[in-house]
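A.B. asks: Take a look at the following structure, please.
Taken together, the values in this text are just the output of simple stated rules run on the coordinates, not laboratory data. Here the structure is a predicted model, which is why all the values come from computation and not from measurement. Glycine also receives a Cβ, built like all others from the backbone with ideal geometry; neighbour counts cover every protein chain displayed.
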Amino acid sequence: MVINRTSSEVKDRLWHKGVEFATYQARKLLQESGITSPPFLPERLAALRGIKILKEDLGNLDSLLLPLRDGFEIKINATHSPQRQNFSCAHEIAHTFFFDKDGQALRERLKRGAGEKVAKSWEEDLCDVVASELLMPSQIYTKYAARYNFGIDSLIALSRAFSTSIIPTALRLCDLNPRRCFLVYWARDNFQELNDVKLRAKWLTWSRMHLSSSTGRFLFNPKLSVRFSSLLKAYKSDITTYSRERARVNNFIGDCQIWSQGFDSGSDRFVLSLLFPEQSDS
């Protein structure tokens, strides 16, 4: 019997193969390093791959990977924060896996199944998967996050422990959260009005386990039907806020527990919210 699979199904299978490859490679390197507690500094991991690290002003670039005759060289933007440098370095380490035999085979398989443009985009996404696992190994990160009940108020402590920026730390918290949740990034929409702060959702995401090859990591400029009574309070203070409100988020309509916290300052100020849909009684 011949089974016809749709293009979407084929791409989903390829994507999940890629995630399996990325996760395996990251965990293998971590095991070789012998590091068992955070921070998992990428410079130590890079040395195991024969990678040289240089730091310099790269302008708008985060990092560069340069193949050498006897290995690789990674250039990291020295003007960025140490936490951002860590993720950039881990991301470039991930690219080196695609120069190995298995990585090259996967790259060609992705090109054949999804096209060269999509394959390049997926490789970048898979390198982020590797970077997250290298810096915040799932089993260890889960244990740390559990101490804070996977709350939004854990992000500062977790980012310090794992030496990662707030947003990658939040994405990892969303991915590994035992409860179904959405993560929403809010930023101010009207800097001209000093006394009338309005926030707009710039993107939202949800647990990676629910993502397919077609949806991607983020939904940008999402239309959310919500009335967040505590959102402005989180923006205007450093207080973690909690509320229960009815919301329409993606395909969900219903009551949500909403945890929000503000980060950074000035024009860079933003709010992150974790939304936990409540199960219907019906």
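A.B. asks: Would you tally the net charge around Ile76, using a Cβ to Cβ cut-off of less than 12 Å, leaving Ile76 out, and scoring K and R as +1, D and E as -1?
C.D. replies: Result for the neighbourhood of Ile76: -2.
A.B. asks: Using label points projected 7 Å from each Cα along Cα→Cβ, tell me how many nm separate Asn190 and Phe218, to one decimal.
C.D. replies: 2.4 nm
A.B. asks: Treating cross-link reach as a plain straight distance, find the aspartates and glutamates whose alpha-carbon is under 19 Å from the alpha-carbon of Lys198, omitting any fewer than eight places away in the same chain.
C.D. replies: Within the straight-line cut-off, Lys198 pairs with Asp189, Asp238, Glu245, Asp264, Asp268.
A.B. asks: Name the residues whose placed amide hydrogens come within less than 5 Å of the amide hydrogen of Leu41, ignoring near sequence neighbours (fewer than 5 apart) on the same chain.
C.D. replies: none
A.B. asks: Mind checking Rg over Rh on the chain, alpha carbons, Kirkwood formula for Rh?
C.D. replies: 0.99
A.B. asks: Going by C-beta contacts inside 10 Å, put Lys75, Lys28 in order with the fewest on the left.
C.D. replies: Ranking Lys75, Lys28 by Cβ neighbours within 10 Å, fewest first, gives Lys28, Lys75.
A.B. asks: Please compare each pair in Lys11/Lys111; Lys28/Lys55; Lys11/Lys117; Lys111/Lys202; Lys202/Lys236 to a cut-off of 20 Å on the Cα-Cα distance and tell me which ones are over it.
C.D. replies: Too far apart for the 20 Å limit: Lys28/Lys55; Lys111/Lys202.
A.B. asks: Name the helices (complete DSSP H segments) of the chain with a Cα length along the long axis of 24 Å or more and a Kyte-Doolittle mean of at least -0.5, or state none.
C.D. replies: For the chain, where a helix must reach 24 Å along its axis and average at least -0.5, the hits are 116-135.
A.B. asks: Gain in length, Asn251 to Glu124, computed as 0.36 nm per residue apart minus the alpha-carbon separation, to one decimal in nm?
C.D. replies: Residue separation times 0.36 nm, minus the Cα-Cα distance, leaves 43.0 nm.
A.B. asks: Sticking with this structure for a sec: Using θ = phi - 60° and the Karplus relation 6.51 cos²θ - 1.76 cosθ + 1.60, list the HN-Hα couplings for the range 57-63 in order, rounded to whole Hz, with x at every Gly or Pro.
C.D. replies: For the range 57-63, the Karplus curve yields 6, 9, x, 7, 7, 7, 6 Hz.
A.B. asks: Please work out how much length the chain gains when fully extended from Thr79 to Arg13, using 0.36 nm per residue of separation minus the C-alpha to C-alpha distance, in nm with one decimal.
C.D. replies: Full extension from Thr79 to Arg13 adds 19.8 nm.
A.B. asks: Mind giving me the FRET efficiency for Tyr242 and Arg69? R0 is 41 Å, r the Cβ-Cβ distance, nearest 0.05 is fine.
C.D. replies: On the way: r = 56 Å, r/R0 = 1.37.
Using R0 = 41 Å, I get an efficiency of 0.15.
A.B. asks: What is the spread of the Cα atoms of the range 150-277 along each of their three principal axes, largest first, in whole Å?
C.D. replies: Cα extents, longest axis first: 41, 36, 26 Å.
A.B. asks: Right, something else. The range 7-135: D in µm²/s via Stokes-Einstein (Kirkwood Rh, Cα pairs, 20 °C, 1.002 mPa s)?
C.D. replies: Here the translational diffusion coefficient equals 142 µm²/s.
A.B. asks: Sticking with this one: Summing +1 for each Lys or Arg and -1 for each Asp or Glu, what net charge is found among the other residues whose Cβ lies under 12 Å from the Cβ of Glu108? The partial results should precede the final answer.
C.D. replies: Numbers: positive: Lys101, Arg107, Arg109, Lys111, Arg112; negative: Asp102, Glu116, Glu123.
Net of charged neighbours comes to +2.
A.B. asks: What is the spin-label model distance, in nm, from Glu116 to Arg44 if the labels are put 7 Å beyond Cα along the C-beta direction?
C.D. replies: 4.1 nm
A.B. asks: Quick check on the chain: of the DSSP beta bridges with both residues there, what percent are antiparallel, nearest 5%?
C.D. replies: Looking only at bridges with both residues in the chain, the antiparallel portion is about 85 percent.
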